[in-house]
Amino acid sequence: MAIKYINISFLLILLILIFSGHIASLTVGEYYKIWWADVVLHFSGGLWTGLFVLWFMFNSGRAPFEAKKLPLYILIIAILSFTALIGVFWEFFEFILDEITGYKSYSAKVALENFKDTIGDLFFDLLGALTNVVFLKRKTGHGVSL
């Protein structure tokens, strides 16, 4: 059973919108003017990553198994695992950029704030990914029983 609402064009458009929002926020400093801009973009990134996992599993024809036969908890683990992996890679990318640009200083207070920001970013990545479970259950009735 394919999940019809997920197609590659939708995923590409959504990814372009997320990156455009990120670049725009960096350019005009929205991350510092609007505290929740980072939250929205991380949630959106997690949502996108979860949608990508579902597209891969159900629609790409490349998954080495039949996703429709998997229990819901396996799909949730797959979505969260891949989203966490991408989220951690993104945080490494941000750290490396900060190192290259010398953007952040290294006081104990700044280090604590950076840690809090990273944990919050990963939380909202995963929350966005979990949103896909609602869509999955509504669109397919898949995995109604855990």
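Observations on the model:
- Qualifying residues in region 98-123 (those that are at pLDDT 80 or above and surrounded by fewer than 12 Cβ atoms within 10 Å (Cβ to Cβ)) - the one nearest to H42 (Cα to Cα): I119
- Hits in region 34-70 - residues which are touching a residue at least 60 places away in the same chain (Cβ under 8 Å), within 16 Å of A24 (Cβ to Cβ) and out of contact with any Asp or Glu (no Cβ under 9 Å at 6 or more places or on another chain): S44
- When region 35-74 is limited to residues that are of a type in the set (A, V, I, L, M, F, W, C) and part of a loop (DSSP other than H, G, I, E, B), the one that is farthest from D117 (Cα to Cα) turns out to be F65.
- Some residue of region 3-16 being closer than 17 Å to V133 by Cβ and modelled with pLDDT of 95 or more: no
- For region 14-33, residues that are among the β-branched types (V, I, T) and either exposed (fewer than 10 other Cβ atoms within 10 Å of the Cβ) or in contact with a helix residue (DSSP H, G or I) (Cβ under 8 Å, 6 or more places away or on another chain) (or both) total 2.
The values are calculated or read from the model by the stated rules, or taken from the named source; none is laboratory data. Keep in mind it's a predicted model, so treat the numbers as computed, not measured. Every residue, glycine as well, gets a Cβ built from its backbone with ideal geometry; the counts of neighbours run over all protein chains shown.
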